[in-house]
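To start, the structure itself, in structure tokens.
The values are calculated or read from the model by the stated rules, or taken from the named source; none is laboratory data. Only a predicted model underlies this, so the values are computations on that prediction, with no experimental measurement involved. Quick reminder, even Gly has a Cβ in these numbers, built from the backbone with ideal geometry, and neighbours come from all protein chains shown. Please note that ligands, DNA and RNA were not included when accessible areas were found on the heavy atoms of the full protein model with its side chains. Shrake-Rupley method; radii C 1.70, N 1.55, O 1.52, S 1.80 Å.
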Amino acid sequence: MTDTTLAPAAAEAAPAVREIGIIMNGVSGRMGYRQHLVRSILAIRDQGGIELADGTKVTVKPLLVGRTEAKLAELAAKHGIEDYTTDLDAALADPRWEIYADFLVTKARATALRKAIAAGKTIYTEKPTAESVEEALELASLAKAAGVKTGVVHDKLYLPGLQKLKRLIDSGFFGRILSVRGEFGYWVFEGDWQPAQRPSWNYRTEDGGGIIVDMFPHWNYILENLFGGVKSVYAQASVHIADRWDENGEHYNATAEDAAYGTFELEGDVIAQINSSWTVRVNRDELVEFHVDGTHGSAVVGLFGAKIQHRNATPKPVWNPDLADDHDYDADWAEVPTNEVFINGFRQQWEEFLESYVTGTEYEYDLLAGARGVLLAEAGLQSAREGRKVELPSLNLD
């Protein structure tokens, strides 16, 4: 018997890791801190990055940017972040930072985005991308001319409920979709006897406030990605509560609408109606719900839940106001199972954008998509002012 010496098995090579530096501007704000820093970028960092299809890994390194150094230092220390600065220009000039992420208030966004485009940074930004459609288109054109990749937050598409809805649409469950009815909102306290749970600038037109500017960009990307592009809008805007109190307890007069009631005509003859309100007390399962009716079935979806009713299970009501109707209509609906694990929607989109950036693929939720959201908000405001339906032109960069 001959002794055989076996060569030790080659150690499996560790996957190549690429670290991407991200400038995070406005991260001390509520959305920038909670959703983008903590639940997205730090979550990606703490899990060791994301693995791509070719086996390589991408991890992230944030640079916190803001106006107050003490606040940035506190956040950095709390989360083990090495880098922070109040000097945005210096950050943009530093090649270590490849992506510029913007979570500023709307009035400050366009100026910062122009700087980032001029610096050649890849851009990922909250919406609305600008205060006017002309400015939003200008930013998209500047980015295209500079060869800058851009991404705009479309977070609500990643909600578990809307992902279930997308699955229903893709399966053909609805047949031909006829209509969409949306209800969004909750009661925001006036600020006198209970502190308001939204910043006071939301209620001042001069500071970029108003529920149309805030929510219509969301409705645009939901409608165009699930049901069809928006062709026209008729909107009624209301300042239901004019007397409000700010963060310092000082009274001010609200100049921006706190509720908007919109009807949207979509491609494919689909009609959508969406109410948006900060002056409504909630009597529904979730803070946002969409009711979709089609020839073969209907669905009601929210942030997480989704329930359906097929035409074969649809009851046959008869209108009779003289007799109480004891039919349990809620029992006619079936819950859609959660057949997959959903992660935080902001994080999921960040991961998709980072993968698109590294692999060089096209990214559909770009600054032009963001401009379409601004267009719908602008058309909604015009409709409310003029009391008429407003047709939406198509936007392009040619």
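Averaged per residue, the chain has 50 square angstrom of accessible surface, using a 1.4 angstrom probe with ligands and nucleic acids left out. Rounded to the nearest 500, the 222 nm mean residue ellipticity of the chain from helices alone is -9000 deg cm²/dmol, with -39,500 (n - 2.57) taken per DSSP H run of at least 4 residues.
Applying the Kirkwood pairwise sum to the alpha-carbon positions of the chain produces a hydrodynamic radius of 23.3 angstrom.
What is the set of long-range amide H partners of residue 258 at a cut-off below 5 Å, with H atoms built 1.01 Å from backbone N? Counting only residues 5 or more places away or on other chains, the set is 238, 239, 240, 241. With θ set to phi - 60° and the Karplus curve 6.51 cos²θ - 1.76 cosθ + 1.60, what are the ³J(HN,Hα) couplings of the stretch 240-249 in order, to the nearest whole Hz, using x for Gly and Pro? Ordered by residue, 3J(HN,Hα) equals 6, 10, 8, 8, 9, 10, 7, 5, 9, x Hz. Ignoring ligands, DNA and RNA, what percent of the 1.4 Å accessible area of the chain is carbon and sulfur? About 50 percent, which is the carbon plus sulfur part of the accessible surface.
If you count only protein heavy atoms and use a 1.4 Å probe, how large is the accessible surface of residue 226, to the nearest 10 Å²? Roll a 1.4 Å probe over it and residue 226 shows about 20 Å². Dimensions of the stretch 6-152 along the principal axes, based on C-alpha atoms and rounded to the nearest Å, stand at 70, 38, 25, largest first. Taking 126, 362, 183 in turn, the Gaussian network model of the chain (Cα-Cα springs below 10 Å) assigns the largest fluctuation to 362.
In this structure the amide hydrogen of residue 18, modeled in the peptide plane, comes within under 5 Å of the amide hydrogens of 57, 58, 59, none closer than 5 places in sequence on its chain. Report the label-to-label distance for residue 94 and residue 285 in nanometres (one decimal), using points 7 Å from each Cα along the Cα→Cβ vector. Result for the modelled spin labels: 4.7 nm. In whole Å, how far is the Cα centre of the stretch 186-203 from that of the stretch 43-87? Between the Cα centres of the stretch 186-203 and the stretch 43-87 lies a distance of 31 Å. Please compare each pair in 166/389; 166/307; 127/166; 115/149; 127/231; 71/107 to a cut-off of 24 Å on the Cα-Cα distance and tell me which ones are over it. From 166/389; 166/307; 127/166; 115/149; 127/231; 71/107, over 24 Å: 166/389.
R0 = 41 Å: FRET efficiency of residue 61 with residue 382, Cβ-based, nearest 0.05?
On the way: r = 43 Å, r/R0 = 1.06.
Using R0 = 41 Å, I get an efficiency of 0.40.
Computed with a 1.4 Å probe over protein heavy atoms only, the accessible area of residue 311 comes to about 130 Å². The HN-Hα couplings worked out from phi for the stretch 213-221 by the Karplus form 6.51 cos²θ - 1.76 cosθ + 1.60 (θ = phi - 60°) are 4, 6, 9, 4, x, 5, 4, 4, 6 Hz, whole numbers, x standing for Gly and Pro.
At q = 0.09, 0.15, 0.21 Å⁻¹, what log₁₀ I(q)/I(0) does the stretch 127-245 have when each alpha carbon counts as one equal point scatterer in the Debye sum? Treating every Cα as an identical point scatterer, log10 I(q)/I(0) equals -0.37, -0.94, -1.30.
Protein-only accessible surface at a 1.4 angstrom probe places the residues 36, 310 in the order 310, 36, largest first.
Tell me, rounded to the nearest percent, the portion of alpha carbon pairs in the stretch 332-398 spaced more than 14 Å apart. Of all Cα-Cα distances in the stretch 332-398, 75 percent exceed 14 Å. Centre-to-centre separation between the Cα atoms of the stretch 102-122 and those of the stretch 304-355: 39 Å.
Based on DSSP, what percent of beta bridges with both residues in the chain are antiparallel, to the nearest 5?
55 percent
Computed over the stretch 87-173, the quotient of the alpha carbon radius of gyration and 2.2 N^0.38 Å is 1.33.
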